[in-house]
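Presented below is the structure to which this report refers.
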Amino acid sequence: MVAIVEVPPPASPDDPNAWAARTQTRLWNAQNVALLGYEDLNDPEEAGARWAVPSAHRRNLRWIALTDPDDHDTAVGCATLQLTLKDNLTTAGLFVVVTPEHRRRGIGSRLLAAAEQRALAEGRTTLQSWASQPGLDEGSPSALTPEEGSGAIDGNSATARFMLAHGYRLEQVEVHSMLRVPVPPSVIDPLEAEAAAKVGDGYQLVGWAGRCPDELVDSFARLRVAMADAPTAGLEFEAEHWDAARVREVEQRVAEGGLITLTAVARHVASGELAGFTELQRFADREDSAFQEDTVVIAAHRGHRLGMWLKTANLRRLADAWPNVRRIHTWNADENDHMRSINIALGFRPESAESGWQKVLNG
């Protein structure tokens, strides 16, 4: 009989309970490699242990499925409940993974039930989950599409069958894309020149590696709030609370997890206001791949090609700062036509799909 064991969050990466976060990381890494055939998206186990320590803004709870409750090495599944502490207080992220050889035995259902029960006890009535899988054309016979937004996944896949059977609805599809770098000059040069001509003299480019400069941190926090404008389709989501303290906390946790960051920001010359930003990240000990993280331009400054301007500028910086990077991964809502068009023009090509699921619990 497989035992489902709840493991309290660790107080530090050295806490004995950190084994559960390392196990979770290992299980999800195996899932990534099975789907994609490479390790670019894998988190180091030590990073997983560090990110498992609760912060002022997030607390994660874990349940591990063990074939032998006295042996941590017998883990065959994991459920993680992600709780935000400053905003979205009735919502929780819930993620379940089971090793392929132990599926269809009810383990995933038991893990899910344990996490759902705790979510209700924590006052979380809207559960959201994301799962990676191969992409699918909307016209395919087995296509499952969200009511809002666009994109499709295979409705006959194991993930879809599991989520639907437990009362979840597909609410959004994201496209996972990859860019091979360096981008050829024949591609990046005209895109950069066209964007710069549209931007003109109205904006100044500011960039940094790692920590945001003190004089910009308050303005940068306001930019972070603007990510709420990104398409969410049918997913319930409220704007996150950001201030300078949260920016610093996130920077610290990112660095503790072994990630390094390149940030490019557009500053409006006339007002001094920060109008948009984009970020690239990679693990310090993984030199060949990186992640295109958030990109946003606030509403009052759209229409000036700032998104393309920022991304081409940061790609130039990446070539200088991280010359060994050969692949960049990013994720965008399928219906986010504007951002996807920028990425496609730069050379990003689809790799897989991310299905966004949601369930409203009855307390």
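Going by the conditions given, is Ser129 surrounded by 14 or more Cβ atoms within 10 Å (Cβ to Cβ), touching a Phe, Trp or Tyr at 6+ places or on another chain (Cβ under 7 Å), among the polar types (S, T, N, Q) and closer than 30 Å to Arg105 by Cβ?
Criteria met by Ser129.
Kindly indicate whether Gly149 is surrounded by 15 or more Cβ atoms within 10 Å (Cβ to Cβ), on the phi > 0 side of the Ramachandran plot and either in contact (Cβ under 8 Å) with a residue 24 or more places away in the chain or not hydrophobic (A, V, I, L, M, F, W, C) (or both).
Criteria met by Gly149.
Hey, can you tell me all the residues within segment 313-345 that are in a helix (DSSP H, G or I) and more than 19 Å from Leu223 (Cβ to Cβ)?
Leu315, Arg316, Leu318, Ala319, Asp320, Ala321, Asp337, Arg340, Ser341, Asn343, Ile344, Ala345
Residue check: is Arg180 within 26 Å of the chain's Cα centre (by Cα), basic (Lys, Arg), surrounded by fewer than 19 Cβ atoms within 10 Å (Cβ to Cβ) and over 25 Å from Arg327 (Cβ atoms)?
In short, no.
Being surrounded by fewer than 18 Cβ atoms within 10 Å (Cβ to Cβ) and part of a loop (DSSP other than H, G, I, E, B) narrows it down to one of Ala30, Ala34, Ala56, so name that one.
Details: Ala30 fails: part of a loop (DSSP other than H, G, I, E, B); Ala34 fails: part of a loop (DSSP other than H, G, I, E, B).
Going through Ala30, Ala34, Ala56 in turn, just one is surrounded by fewer than 18 Cβ atoms within 10 Å (Cβ to Cβ) and part of a loop (DSSP other than H, G, I, E, B): Ala56.
Would you call Ala226 farther than 29 Å from Trp322 by Cβ, small (Gly, Ala, Ser) and in the same structural domain as Gly210 (by TED's automatic domain parsing)?
Working: farther than 29 Å from Trp322 by Cβ: no; small (Gly, Ala, Ser): yes; in the same structural domain as Gly210 (by TED's automatic domain parsing): yes.
The answer is no for Ala226.
Restricting to segment 91-107, and then to whatever is in contact (Cβ under 8 Å) with a residue 24 or more places away in the chain and of a type in the set (Gly, Ala, Ser), can you tell me which residue is nearest to Ala75 (Cα to Cα)?
Restricting to residues being in contact (Cβ under 8 Å) with a residue 24 or more places away in the chain and of a type in the set (Gly, Ala, Ser), the top hit is Gly93.
For Thr84, indicate whether it is surrounded by fewer than 20 Cβ atoms within 10 Å (Cβ to Cβ), β-branched (Val, Ile, Thr), touching a Gly at 6+ places or on another chain (Cβ under 9 Å) and within 26 Å of His338 (Cβ to Cβ).
no
Might you let me know whether segment 139-149 holds any residue that is under 20 Å from Glu6 (Cα atoms) and out of contact with any Pro (no Cβ under 6 Å at 6 or more places or on another chain)?
No, segment 139-149 contains no residue that is under 20 Å from Glu6 (Cα atoms) and out of contact with any Pro (no Cβ under 6 Å at 6 or more places or on another chain).
Would you mention how many residues in segment 64-80 are over 14 Å from Arg26 (Cβ atoms) and surrounded by fewer than 22 Cβ atoms within 10 Å (Cβ to Cβ)? Full working, then the answer.
First, pick out the residues of segment 64-80 that are over 14 Å from Arg26 (Cβ atoms): 67-71, 79.
Next, only the ones that are surrounded by fewer than 22 Cβ atoms within 10 Å (Cβ to Cβ) stay: 67-71.
Selection size over segment 64-80: 5.
Which one of Gly258, Gly272 is exposed (fewer than 15 other Cβ atoms within 10 Å of the Cβ), on the phi > 0 side of the Ramachandran plot and out of contact with any His (no Cβ under 8 Å at 6 or more places or on another chain)? Let's see the steps before the verdict.
Details: Gly258 fails: exposed (fewer than 15 other Cβ atoms within 10 Å of the Cβ).
Result: Gly272 is the single residue among Gly258, Gly272 that is exposed (fewer than 15 other Cβ atoms within 10 Å of the Cβ), on the phi > 0 side of the Ramachandran plot and out of contact with any His (no Cβ under 8 Å at 6 or more places or on another chain).
When segment 98-113 is examined, which residues are found to be among the aliphatic types (A, V, I, L, M) and either buried (at least 19 other Cβ atoms within 10 Å of the Cβ) or under 30 Å from Val225 (Cα atoms) (or both)?
Once the filter is applied, which keeps residues that are among the aliphatic types (A, V, I, L, M) and either buried (at least 19 other Cβ atoms within 10 Å of the Cβ) or under 30 Å from Val225 (Cα atoms) (or both), segment 98-113 yields Val98, Ile107, Leu111, Leu112.
Which of the helices (runs of 4 or more DSSP H) contained wholly in segment 141-239 include at least 2 residues that are under 19 Å from Val297 (Cα atoms)?
185-199, 217-225
Please determine whether any residue of segment 296-311 is under 19 Å from the mean Cα position of the chain (by Cα), in a strand (DSSP E or B) and under 23 Å from Ala193 (Cα atoms).
Yes - at least one qualifying residue is present in segment 296-311.
Scan segment 183-207 residue by residue and report those that are aliphatic (A, V, I, L, M) and either within 22 Å of the chain's Cα centre (by Cα) or surrounded by 14 or more Cβ atoms within 10 Å (Cβ to Cβ) (or both).
Residues of segment 183-207 that are aliphatic (A, V, I, L, M), as a first pass: 183, 187-188, 191, 193, 195-197, 199, 205-206.
Scanning segment 183-207 gives Val183, Val187, Ile188, Leu191, Ala195, Ala196, Val199, Leu205, Val206.
Of the residues Val76, Val7, which single one is among the aliphatic types (A, V, I, L, M), in the same structural domain as Gln128 (by TED's automatic domain parsing) and under 25 Å from Val250 (Cβ atoms)?
Val7
Take Gly210 and tell me if it is in contact with a helix residue (DSSP H, G or I) (Cβ under 8 Å, 6 or more places away or on another chain) and either surrounded by 15 or more Cβ atoms within 10 Å (Cβ to Cβ) or not aromatic (Phe, Trp, Tyr) (or both).
For Gly210, the condition - in contact with a helix residue (DSSP H, G or I) (Cβ under 8 Å, 6 or more places away or on another chain) and either surrounded by 15 or more Cβ atoms within 10 Å (Cβ to Cβ) or not aromatic (Phe, Trp, Tyr) (or both) - is met.
Can you work out which of the residues in segment 114-126 that are of a type in the set (S, T, N, Q) and surrounded by 13 or more Cβ atoms within 10 Å (Cβ to Cβ) is farthest from the chain's Cα centre (by Cα)?
If we take residues in segment 114-126 being of a type in the set (S, T, N, Q) and surrounded by 13 or more Cβ atoms within 10 Å (Cβ to Cβ), then Thr125 is farthest from the chain's Cα centre (by Cα).
Can you go through Glu335, Glu273, Glu249 and tell me which one is in contact with a helix residue (DSSP H, G or I) (Cβ under 9 Å, 6 or more places away or on another chain) and acidic (Asp, Glu)?
Glu273
The values are calculated or read from the model by the stated rules, or taken from the named source; none is laboratory data. Just so it is clear, the model here is predicted, and its values are computed rather than measured. Cβ atoms come from the backbone with ideal geometry, glycine included; neighbour counts cover every protein chain shown.
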